[in-house]
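See structure below.
The values are calculated or read from the model by the stated rules, or taken from the named source; none is laboratory data. As the structure is a prediction and not an experimental result, all values here were calculated from the model. Heads up, the Cβs are rebuilt from the backbone with ideal geometry, glycines too, and the neighbour counts pull from every protein chain shown. For the accessible areas, the whole protein counts, side chains as well, though only heavy atoms, and no ligand, DNA or RNA atoms are used. Shrake-Rupley method; radii C 1.70, N 1.55, O 1.52, S 1.80 Å.
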Amino acid sequence: MYELLLQGLLNVLHWKYLVPLAAGTFVGIVGGALRGITNTMTVIMVLPFTFGLEPLQGLAAMIGVYVGGESGGLITSTLLGIPGKPSSIATMFDGFPMSQKGEPGRALWLGIWASFFGGLLGAIFLVGATGPLAAMALEFGPWEYFSLFVFALSMVAGLTGASITRGLLSGAIGLVVTVMGSDPVMGAPRLALGIRFLEGGIPFLPVLIGVFAFAQIMSDVEKTLRGQPDAAGAFAAPKIVVTHAKVIWEIVSRPFMLLWTSFVGVVIGVLPGIGSSAANVMAYDQAKKFSRHPERFGTGTPEGIIASEAANNSNVGGSLVTIMAFGIPGDAVTAVMLGALTIHGIQPGPLFISQQQTLSYGIFAAYILAHVLMIAMMFIGVRFFLRIVTIPKSMLFPVILVLCVVGAYALDNTMANVYVLALFGVIGYLMVKGGLPLAPLILGVVLGDQIEINLVRAIMTESNPILFLTRPISGGLILASVASVVFALWQHRRHERRTSATREEDADF
Amino acid sequence: MSRDLTTGLVCLAASLLLFVLTLDLPGPSLLVPIGPGFYPRIVLGITALLSALLVVQALLAGRRAPQRSEKSGPVPNYALVLWSFAVFGIYVALVPLLGFRVATALFVLALQWLLEPPRGMKAWGIAVAIALITSLATFHLFQDYLSVLLPRGRWTDF
């Protein structure tokens, strides 16, 4: 395994892969620093550029975006008190007060180095766990796959949003999208509504791009007061002075907290549908609970910065494990990666690591090297990244939408995909306004075909449906699905009892 | 009508309509013991059930707290959202007619104007430059380096 990893590292160090990885990391940091631009949107923007590249080149670029994006958000969070994206919110709680106390360099670099160490701990999990998990999944038959996908969907439905019914409904709508078009067994057309394009089914990437890009952009547009300039404004960039050895010691001298919060990040990454924003906040909360001085949190304590940043970078490692071992995207970014792989005819899943060794170890290597590149870029360009936040959204949004159109069009050089993008842009925005979370919808769209294929395979092999319950792993997963729904119901009830006042839930894009 | 009630009713109507359409699909064959309508009916049945549940929950919640307002804070600028969607819709419709380059330049300029009208000659100059650079750079980058031929216009042949 370690020879393969070393080979992967040497492979990715070749300029052919290093250039896209570095470009992706740079774009990721920039995207992370920009307000209102999530990692999903940045990776969607990068997607069309990867179509003409080799699979590993494209994936290296996307992994760069992913890692860079998780770290880019902390620049504005710590120095300006403006979280670039939801997964930097908890970083701001202590990062900004520390900056205001006259230690902006310490605050910033505690976050950057914590991201680095958290990311490397995530990499250890990624390299160590993907193979054994994939080997376990190789034993699965269609019953187990069906139950695993149902479990993933029920988890997402329960974990996102404030209502389990809305989460489940959103996932079911995602499945409905996949039943339109020809059936996967006999190829019979169904529910095409007389539209010729629909007979071939709805491709999931334009759906994903439309739903996430428009939901995010239009949610920002609706807060815009036309004629009032974007509030980014001018600001005085603080002077960043820091002793790196001292900052690194501050982090490594808290090994338990670093390990525990990175573990929290990895676990949240493994769970499908809840992303780094949850990891960031939960790790902060955990660090506060375990601290001897919880009262110092929120006043500029280093633990707050270290915990939140270590978690959101290790989270990436966790998300990559689920997609590589099971073919289940841990979040929207990995769903886009899955789409990019399928364009090249590669299906992630249990066979991926054994059949695509160069690619899978290349992914591990790219993930590790992206952290090194991120540190290098932060050394050189922090002041430049700070300037980025002054770019108004009125300039950014049209460019992003153009890249979304190119991404949809370039899938197979047809405008039909662009129409799907526009249609699902409207649907995605209406779903957000209707209170339906988007993550279950996307997972439903991504997994729908696989759920149907495995259900049909299972029934064709043995028509007795009770096998879904009596086969140990399948039965366990079905039981876990029911348990996750029951747990979510209990949690929502408890939450409702605690908070009498209603508040609109945050959509985790 | 509350948000959940509207969402539930729309989803219920759509899922029932699609469910009815699955009834026309062929049944099982000799080779495959389940027909192409088997799985869609399960999925649409579940969707209809969940939509109905959302409707019931919304009605019960409405009965419990009829006076409760949905949310507070600034009023969302829905007119701007509608206009932004309209501009995007026109853009998508114009791409095959005017070609990617012309349609994109017009779209980028129009959306910039819509979201934040440029003030003064300098701001207009920047807006026009962004529109032209986005359009031309994207077109040539994708055509020359990434083997993606973006559409030329039926009307303009450009």
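Within the option set B:Ala129, B:Ala105, being at pLDDT 95 or above, touching a Ser or Thr at 6+ places or on another chain (Cβ under 7 Å), more than 20 Å from A:Lys223 (Cα to Cα) and of a type in the set (Gly, Ala, Ser) holds for one residue only, B:Ala105. Considering only residues in segment A:391-409 that are over 25 Å from B:Pro118 (Cβ atoms) and small (Gly, Ala, Ser), the one that is surrounded by the most Cβ atoms within 10 Å (Cβ to Cβ) turns out to be A:Ala408. Does segment A:46-69 include one or more residues that are in a helix (DSSP H, G or I), without any contact (Cβ under 8 Å) to a residue 40 or more places away in the chain and of a type outside the set (A, V, I, L, M, F, W, C)? No, there is no match, as no residue in segment A:46-69 is in a helix (DSSP H, G or I), without any contact (Cβ under 8 Å) to a residue 40 or more places away in the chain and of a type outside the set (A, V, I, L, M, F, W, C). Of the helices (runs of 4 or more DSSP H) lying entirely inside segment A:291-390, those containing at least 3 residues that are more than 15 Å from A:Gly269 (Cβ to Cβ), open to solvent by less than 20 Å² (accessible area, probe 1.4 Å) and touching a Gly at 6+ places or on another chain (Cβ under 6 Å) span A:357-388. Residue-level check: of (1) in a helix (DSSP H, G or I); (2) in contact with a helix residue (DSSP H, G or I) (Cβ under 6 Å, 6 or more places away or on another chain), A:Gly435 misses just (1). Residues being open to solvent by less than 10 Å² (accessible area, probe 1.4 Å) and either of a type in the set (S, T, N, Q) or in contact with a strand residue (DSSP E or B) (Cβ under 8 Å, 6 or more places away or on another chain) (or both) are represented in segment A:111-120 by at least one member. The residues in segment A:74-106 that are open to solvent by less than 10 Å² (accessible area, probe 1.4 Å), among the small types (Gly, Ala, Ser) and in contact (Cβ under 8 Å) with a residue 60 or more places away in the chain can be counted, and the count is 6. Pairs linking a residue in segment B:13-24 that is on the phi < 0 side of the Ramachandran plot and assigned to a helix (DSSP H, G or I) to a residue that is surrounded by fewer than 16 Cβ atoms within 10 Å (Cβ to Cβ) and modelled with pLDDT under 95, with Cβ atoms under 8 Å and 6 or more positions apart or on different chains, are B:Leu21/A:Leu193. Within segment A:412-422, can one find any residue that is facing chain B (nearest Cβ under 10 Å), in a helix (DSSP H, G or I) and open to solvent by less than 10 Å² (accessible area, probe 1.4 Å)? Looking for residues that are facing chain B (nearest Cβ under 10 Å), in a helix (DSSP H, G or I) and open to solvent by less than 10 Å² (accessible area, probe 1.4 Å), one finds at least one in segment A:412-422, hence yes.
The rows are residues; the columns are (1) crowded, with 24+ Cβ neighbours inside 10 Å; (2) more than 18 Å from the chain's Cα centre (by Cα); (3) of a type outside the set (Lys, Arg).
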position	(1), (2), (3)
A:Val156	yes, no, yes
A:Thr160	yes, no, yes
A:Ser163	no, yes, yes
A:Ile173	no, yes, yes
A:Val179	yes, yes, yes
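Of the numbered criteria (1) within 11 Å of chain B (Cβ to nearest Cβ); (2) in a helix (DSSP H, G or I); (3) over 30 Å from A:Glu70 (Cα atoms), the one A:Tyr429 fails is (3).
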